[in-house]
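Written below as structure tokens is the structure these notes are about.
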Amino acid sequence: MTRSQQPALTLFAIGMIGLGILALIYGDFAMVWQPVAPWIPGRTALAYASGVLMLLGGIGLLFNATVAWSIRVLFPYLIIWALLKVPALFVAPGMEAVWLGLGELTVLLSGGWVLFARLSALPEDSPFAFATGERGVRIAQILFAVSLIPIGLSHIVYVKATADLVPAWLPFRTGWAYLTGAGHIAAGLGVLFSVLPRVAACAEAGMLSVFTLLVWIPAILSAPRTRLPWTAFFISWAIASAAWAVAQNVTSKRRVTT
């Protein structure tokens, strides 16, 4: 079963391991992308615990003997991360950056959900069995599709900030910002309405992977001892790997209901 989920499973595991190591090095959650408020009691201890969980969970995903238990632990962890972002929607519902942050977290969750649906090996009488199998994959697919809409809109709303991330050697940087924003939205709609859903999901995963390599690898090379580019790289890596997990399991409505 795990072989059928390669290479996305390995990529996802590497993302979890990388984020876990960073949490342990800095005793903190991921910069910019963290929904845990500074005033939370025991925040540093929680950050270390989070790092250990991601590190061990990621390692566990790499071995057949531990993959089921690892994804059983990581899946609720990813749900909690996404839910921690929800209060910000009530505080600033009109701020696109908030929706962007939630969208990134739910893309990550959707990839984890697909792996949970395929690899958790829950017994049929488990109260969480509804989240596994083809039904679980389909729910994760819908979550993935909806999550891409605010991500795409952010490229358009924050076009200058997006264009600044486009490598300087590429011409028409603003055009690339608009094009990638439209690409995210088109991919989300394609998956949501089952219009060439596998092509749409693979295109999205490929686009996220290109972002990871072209934007954050040069940033790391220019400042290898700086925390931000490493954190951004592994966040982007984890999100891209989640997209690949969805893409290699994407199914249409017709296939699921027959």
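The values are calculated or read from the model by the stated rules, or taken from the named source; none is laboratory data. Predicted model only: the values in this text are computed from it and were never measured. Cβ placement follows ideal geometry from the backbone for every residue including glycine, while neighbour counts extend to all protein chains displayed. Note: accessible area is taken over every heavy atom of the protein model, side chains too, but ligands, DNA and RNA are not part of it. Shrake-Rupley method; radii C 1.70, N 1.55, O 1.52, S 1.80 Å.
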Is at least one residue of segment 224-232 surrounded by 14 or more Cβ atoms within 10 Å (Cβ to Cβ), touching a residue at least 24 places away in the same chain (Cβ under 8 Å), closer than 16 Å to G111 by Cα and not small (G, A, S)?
no
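Name the one entry in A65, A88, A30, A23 that is under 30 Å from V159 (Cα atoms) and more than 15 Å from the chain's Cα centre (by Cα). Show your work before the answer.
Values: A65 fails: under 30 Å from V159 (Cα atoms); A30 fails: more than 15 Å from the chain's Cα centre (by Cα); A23 fails: under 30 Å from V159 (Cα atoms).
The unique qualifying residue is A88.
Go through A186, A205 for me and flag whichever is of a type outside the set (K, R) and either buried (at least 21 other Cβ atoms within 10 Å of the Cβ) or touching a strand residue (DSSP E or B) at 6+ places or on another chain (Cβ under 7 Å) (or both). Walk me through how you get there before you give the answer.
Values: A186 fails: either buried (at least 21 other Cβ atoms within 10 Å of the Cβ) or touching a strand residue (DSSP E or B) at 6+ places or on another chain (Cβ under 7 Å) (or both).
None of the others qualify; the one that does is A205.
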Note down all Cβ pairs under 8 Å where the first residue falls in segment 208-223 and is without any contact (Cβ under 8 Å) to a residue 60 or more places away in the chain and more than 21 Å from V107 (Cβ to Cβ), the second is open to solvent by less than 60 Å² (accessible area, probe 1.4 Å) and not in a helix (DSSP H, G or I), and they're at least six residues apart or on different chains.
P218/P167
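If you check V52 against the conditions, is it β-branched (V, I, T) and modelled with pLDDT under 90?
Details: β-branched (V, I, T): yes; modelled with pLDDT under 90: no.
No.
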List every residue pair whose Cβ atoms lie under 6 Å apart, where the two residues are 6 or more positions apart in sequence or sit on different chains, the first residue falls within segment 168-197 and is on the phi > 0 side of the Ramachandran plot and in a loop (DSSP other than H, G, I, E, B), and the second residue, located anywhere, is at pLDDT 95 or above and surrounded by 15 or more Cβ atoms within 10 Å (Cβ to Cβ).
L196/G190
Inspect segment 54-69 for any residue being exposed (fewer than 14 other Cβ atoms within 10 Å of the Cβ) and among the β-branched types (V, I, T) and give the result as yes or no.
no
Among the residues in segment 76-83, are any free of Cβ contacts under 8 Å to residues at least 12 places away in the same chain and hydrophobic (A, V, I, L, M, F, W, C)?
yes
Please work out which residue is nearest to A243 (Cα to Cα), limiting yourself to segment 157-166 and to residues that are open to solvent by 70 Å² or more (accessible area, probe 1.4 Å) and assigned to a helix (DSSP H, G or I).
L165
Please go through segment 134-152 and give me each residue that is surrounded by fewer than 18 Cβ atoms within 10 Å (Cβ to Cβ) and closer than 27 Å to G94 by Cβ, ordered by number.
I142, V146, I149
